[in-house]
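All remarks here apply to the structure that follows.
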Number of protein chains: 2
Amino acid sequence: MEFDKDEQGLYEFIELLFFAYRDFTAGPDGELMAFGFGRAHHRVLHFVSRNPGLMVAELLDILRVSKQSLNRVLKQLIEEKFVFQEQGAGDRRRRHLFLTAKGQELADRLGAIQFEQISGSLKGFSPEAYQNICDGLLSLIADDDQKEVLGRFDEARKRNRGSDE
Amino acid sequence: MEFDKDEQGLYEFIELLFFAYRDFTAGPDGELMAFGFGRAHHRVLHFVSRNPGLMVAELLDILRVSKQSLNRVLKQLIEEKFVFQEQGAGDRRRRHLFLTAKGQELADRLGAIQFEQISGSLKGFSPEAYQNICDGLLSLIADDDQKEVLGRFDEARKRNRGSDE
DNA sequence: AAACAATGTCAACATTGTTGACGTATTATT
DNA sequence: AATAATACGTCAACAATGTTGACATTGTTT
């Protein structure tokens, strides 16, 4: 049996996604503006925080923006010492990205804001319902990208195994 | 019983929402570019299509942008005859927005692209799981806005009752 | 008449995206 | 060793979309 795909319902789904994303991303804006940063900076902080040692090329693939566009915000984050680079051990062309203590602190603060939003919104949902939501969002991601996303989830979980629990 | 709110899971949720929105909104871009339009134009076409007779002030509240920003794209859509205005019957200061035949055609084409994306992604989900996803997205919307969103859903359903079925 | 409301408009500017061209290390290939 | 390819950085110009501030128009309310 399948979900009900009447036109009304699909239009409502589109709008729900729009409004949810609108309200969800608006949360950390205040904190970011205090540093003269925007959402582009937030995205970099987030993904470097979650994937320490991330290469520029990988970040470009995640964000799907041009390297010039990324470089503009990355440069600021490096100059202002929120992010630093390390030359690759094997291949020294590669630059691995990490957060400084200052960068990690900001990333964590932004994460905490979003944690509260999500927790507040989804409290009252059963684990099964929550799992359905996650599965649904994953399915909305382009097929080719789903593996990459899940792969990074695994790596992050491996990385944080033992240190958190 | 509640959903599992460990840090890993919440970070993953944030990223799922980011990637889902990224891939979902990218779909209609090609079609839009053919007309020299962008996502801002798409949003106007979508909400006017769904809420014929919508006023400018309401559209501003939906999109959460400045009137100057909205006016720029709205002006183009009106000049190029995708949208037209009608003076309010009671209060003649108000401008009610409607799509022309050309505008409706484009809006429908963009809608069809997104319908396919969603249907393709969510086929295989049970109606219950689908309902969980919709409920979850709704909950992510700011409390004050949820009523407005649901109110417009109701109006749209009333408007289309009888004409579709 | 005066105040208020809904909309439109002009101008200046910020953020974030784009493309094109070029430079610099570093690594891989021939 | 020479050449090509890779990973990254950078300069410049430009486009889309957001912002604020100021002001005009028109219509409604008091």
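The values are calculated or read from the model by the stated rules, or taken from the named source; none is laboratory data. Since we're looking at a predicted model, the values are computed, not measured. Glycine also receives a Cβ, built like all others from the backbone with ideal geometry; neighbour counts cover every protein chain displayed. Heads up: the accessible areas ignore ligands, DNA and RNA and are worked out on the full protein's heavy atoms, side chains in. Shrake-Rupley method; radii C 1.70, N 1.55, O 1.52, S 1.80 Å.
In this label model, A:Arg72 and A:Glu148 are separated by 2.2 nm, measuring between points 7 Å along each Cα→Cβ vector. What figure in square angstrom, to the nearest 10, would you give for the accessible area of B:Leu150 with a 1.4 Å probe? Accessible area, nearest 10 Å²: 80 Å². Qualifying trypsin sites (Lys or Arg not before Pro) in the range A:67-165, where qualification requires a DSSP coil assignment and no more than 15 other C-beta atoms within 10 Å, comprise A:Lys81, A:Arg92, A:Arg93, A:Lys123, A:Arg161. For B:Arg39 and A:Gln131, what is the calculated FRET efficiency with R₀ set at 22 Å and r taken between the beta-carbons, to the nearest 0.05? After rounding to 0.05, the efficiency reads 0.10. Treating the angle as unsigned and between 0 and 90°, give the value, to the nearest 10°, between the Cα long axis of helix B:143-159 and the longest Cα principal axis of chain B. Compared with the principal axis, the helix lies near 60 degrees. Taking amide H positions as modeled 1.01 Å from N, with prolines and chain starts lacking one, the residues under 5 Å from A:Val83 and 5 or more places away or on another chain are A:Ile78, A:Thr100.
When only the Cβ of Lys, Arg, Asp and Glu is charged (+1, +1, -1, -1), the dipole of the range B:7-121 relative to its Cα centre reaches about 760 debye. Shape analysis of the range B:7-121 places it in the prolate category; the axes a ≥ b ≥ c from the Cα gyration tensor give an a/c of at least 1.5, with a/b above b/c. When chain B is treated as a Gaussian network with alpha carbon springs shorter than 10 Å, the biggest mean-square fluctuation among B:Glu79, B:Glu12, B:Glu148 belongs to B:Glu12.
For a quick check of your reading of the filter: which chymotrypsin sites (Phe, Trp or Tyr not before Pro) in the range B:95-164 sit in a DSSP loop and have no more than 10 other Cβ atoms within 10 Å?
Numbers: sites: B:Phe98, B:Phe115, B:Phe125, B:Tyr130, B:Phe153; in loops: B:Phe125.
Counting only loop positions with at most 10 other Cβ atoms within 10 Å, none of the chymotrypsin sites (Phe, Trp or Tyr not before Pro) in the range B:95-164 qualifies.
Per-residue ellipticity at 222 nm from helix content only, as computed over chain B with -39500 (n - 2.57) for each DSSP H run of at least four residues, stands at -21500 deg cm²/dmol. Accessible surface of A:Glu116, taken over heavy atoms with a 1.4 Å probe and every protein chain present, rounds to 140 Å².
With Cα atoms defining each centre, the range A:41-56 and the range B:35-71 are spaced 33 Å apart in the structure. Taking all Cα pairs closer than 8 Å and separated by 6 or more residues, the relative contact order of chain B comes to 21 percent.
For the pair B:Val65 and A:Ala89, a Förster radius of 56 Å applied to the C-beta separation gives a FRET efficiency near 0.75, rounded to the nearest 0.05.
Given their separation in residues at 0.36 nm each and the Cα-Cα distance between them, B:Asp29 and B:Glu79 gain 15.9 nm when the chain is fully extended.
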